[in-house]
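Shown next, in structure tokens, is the structure this report addresses.
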Amino acid sequence: MIQTCDAPGLLPIDIAISKMLESITPVNESEWVEIESALGRVLFEDVTATINVPPADNSAMDGYALRSNDLDNTKQLTLVGTALAGSPYDRQVLKGECVRIMTGAIIPAGADSVMMQENTQKTGDQVTFLQKPSAGNSIRKAGEDIKSGQVILTKGTKITAASLALLASIGIPEVRVVRPIKVAIIATGDELTPVGQTLTKGAIFESNRYALTALLKSFAVEVFDFGIIKDNKQELRTTFAQAGEHCDLVLSCGGVSVGEADYVKDILDELGSINFWKVAIKPGKPFAFGKLKDAWFCGLPGNPVSSYVTFETLVTPLLEYICGEKPKSRPYFLAKAACTIYKRPGRADFQRGIFYRDEVTDELLVKPNGKQGSGIMSSIANANCYILLSQDSSNIEQGETVKIQPF
């Protein structure tokens, strides 16, 4: 572990994530849902196709179905019928014959090729072919996309719009998915005021619950909002106990620092257990992870940027794992610093930045988005990426390459 003036006792991010994932167990309860309601849900079991897609050889374009060898000695064939998608030609194509065929129509028996209509000329029932197609030309083979018996989606897959189309294409009306995860959100602090009320001196509007609730929408979760809890140890203890009894994961904002009114860590010690406290991340150092009765617990910092960054960086992989998703890493890109990016070694820094393409050089550039304080939420709202600065890095000079993670 790196030991600098900023880092003694801090847990590196990758180790913090590993410790969390080693401690928890994914939810092992499921339910059946119709595919219309399955978007964003996580598959509890593999899905296997029971049919071929496409179910039969069919035409990839509008044109004429023919026997390709018939054009060895002639350019003209006799038109004998039409094949439409959903209305196949029910006779066999014989020597010297062709069939008008539309995209998606089943290839008639005897035919082995399709020539697009642009490469033909039709006069009465005679069709002149300007090119000779090879066997298999413009034919989509049965099972070309999916074969019967093939696993098309595996357990742990998060269902997307494309997944829904895939499921529908094999006639699957419903799927077995992980049940929704119950997540509690608790905001703590005497200074917090609900939106819509009048601010008193020294108070601020509470905003973390709005951000976390929105971020949780990308997961299959039920959110239980316990509102704002004042810095009263007994009230906090009661609320945490209720949340820990009824939810799978409890997220609290604030109270995990070292102030006299920061009770979260003490209550976690009383009601459950604490795995670790303080991570080498900026913003967001006072992040706690532990257990509350039947629920896992993440104590996020109270500052809005710190809460947002720690959720995306630390809570997201935890939630994915609890929901049964396959492990995945978030992609990043490389960009050149458009100016000096200031950084002190000791903590991994997720600076909020703006990346853009240089109009002259076509290089990808990035610059910090103004002030980077943990209370400046506009630094995220008006940015389009994180600038990922490693724990041991120092200042990045203009022109140096850095990693960025687009929002």
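The values are calculated or read from the model by the stated rules, or taken from the named source; none is laboratory data. Treat the numbers as computed from the prediction; the structure is a model and nothing was measured. Cβ: placed from backbone, ideal geometry, glycine included. Neighbour counts: every protein chain shown.
State all residues of the range 158-200 that are under 26 Å from P317 (Cα atoms), of a type in the set (A, V, I, L, M, F, W, C), touching a residue at least 40 places away in the same chain (Cβ under 8 Å) and surrounded by fewer than 19 Cβ atoms within 10 Å (Cβ to Cβ); if no residue qualifies, say none.
Passing the criteria: A161, L164.
May I ask you to list the residues in the range 241-264 that are part of a loop (DSSP other than H, G, I, E, B), at pLDDT below 85 and not hydroxyl-bearing (S, T, Y)?
Step one: filter the range 241-264 for residues part of a loop (DSSP other than H, G, I, E, B), giving 247-248, 254-263.
Subsequent filtering for residues that are at pLDDT below 85 retains 255-263.
Listed by number, the residues that qualify are G255, V256, V258, G259, E260, A261, D262.
Listed here are the residues, each with its yes/no results for (1) surrounded by fewer than 19 Cβ atoms within 10 Å (Cβ to Cβ); (2) more than 38 Å from the chain's Cα centre (by Cα); (3) at pLDDT 95 or above.
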| site | (1), (2), (3) |
| --- | --- |
| R41 | no, no, yes |
| D46 | yes, no, yes |
| I51 | yes, no, yes |
| A56 | yes, no, yes |
| M61 | yes, no, yes |
| N73 | yes, yes, no |
| Q76 | yes, yes, yes |
| L84 | yes, yes, yes |
| Q92 | yes, yes, yes |
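What's the total number of residues in the range 283-301 that are under 26 Å from L389 (Cβ atoms), over 24 Å from the mean Cα position of the chain (by Cα) and outside any loop (DSSP other than H, G, I, E, B)? Full working, then the answer.
So the first thing to find is which residues in the range 283-301 are under 26 Å from L389 (Cβ atoms), and the list is 283-289, 298-301.
In the following step, the residues that additionally are over 24 Å from the mean Cα position of the chain (by Cα) were identified as 285-286, 288, 301.
Applying the additional criterion that residues be outside any loop (DSSP other than H, G, I, E, B) yields 288.
Looking only at that region, the number is 1.
One line per residue, one yes/no per condition, for (1) surrounded by fewer than 19 Cβ atoms within 10 Å (Cβ to Cβ); (2) within 30 Å of D46 (Cα to Cα):
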| position | (1), (2) |
| --- | --- |
| E235 | yes, no |
| T238 | yes, no |
| G272 | no, no |
| A280 | no, no |
| G299 | no, no |
| T313 | no, yes |
| G324 | no, yes |
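If you scan the range 389-407, which residues turn out to be in contact with a Phe, Trp or Tyr (Cβ under 6 Å, 6 or more places away or on another chain) and among the hydrophobic types (A, V, I, L, M, F, W, C)?
In the first step, residues of the range 389-407 are kept if they are in contact with a Phe, Trp or Tyr (Cβ under 6 Å, 6 or more places away or on another chain); the result is 395, 403-405.
Within the range 389-407, I404 is the sole residue that qualifies.
May I ask you to say which residue of L365, L334, L318 is surrounded by fewer than 13 Cβ atoms within 10 Å (Cβ to Cβ), of a type in the set (A, V, I, L, M) and not in a loop (DSSP other than H, G, I, E, B)? Full working, then the answer.
On the way: L365 fails: surrounded by fewer than 13 Cβ atoms within 10 Å (Cβ to Cβ); L318 fails: surrounded by fewer than 13 Cβ atoms within 10 Å (Cβ to Cβ).
Going through L365, L334, L318 in turn, the sole match is L334.
Kindly list, by first and then second residue, each pair from a residue in the range 351-369 that is farther than 22 Å from E312 by Cα to a residue that is surrounded by fewer than 15 Cβ atoms within 10 Å (Cβ to Cβ) and among the basic types (K, R), limited to pairs with Cβ atoms under 8 Å and residues at least 6 apart or on different chains.
From residues that are farther than 22 Å from E312 by Cα, the pairs are E363/R357; L364/R357; L365/R357.
Could you figure out which of (1) in a helix (DSSP H, G or I); (2) modelled with pLDDT of 90 or more isn't true of I267?
Of everything listed in (1) in a helix (DSSP H, G or I); (2) modelled with pLDDT of 90 or more, I267 misses just condition (2).
Limited to the range 337-350, what total is found for residues that are part of a strand (DSSP E or B) and within 18 Å of L314 (Cα to Cα)?
3
Pick from Q121, Q117, Q150: which is of a type in the set (S, T, N, Q) and without any contact (Cβ under 8 Å) to a residue 12 or more places away in the chain? It would help to see each step written out before you state the result.
Details: Q117 fails: without any contact (Cβ under 8 Å) to a residue 12 or more places away in the chain; Q150 fails: without any contact (Cβ under 8 Å) to a residue 12 or more places away in the chain.
Step by step, each of Q121, Q117, Q150 is checked, and only Q121 is of a type in the set (S, T, N, Q) and without any contact (Cβ under 8 Å) to a residue 12 or more places away in the chain.
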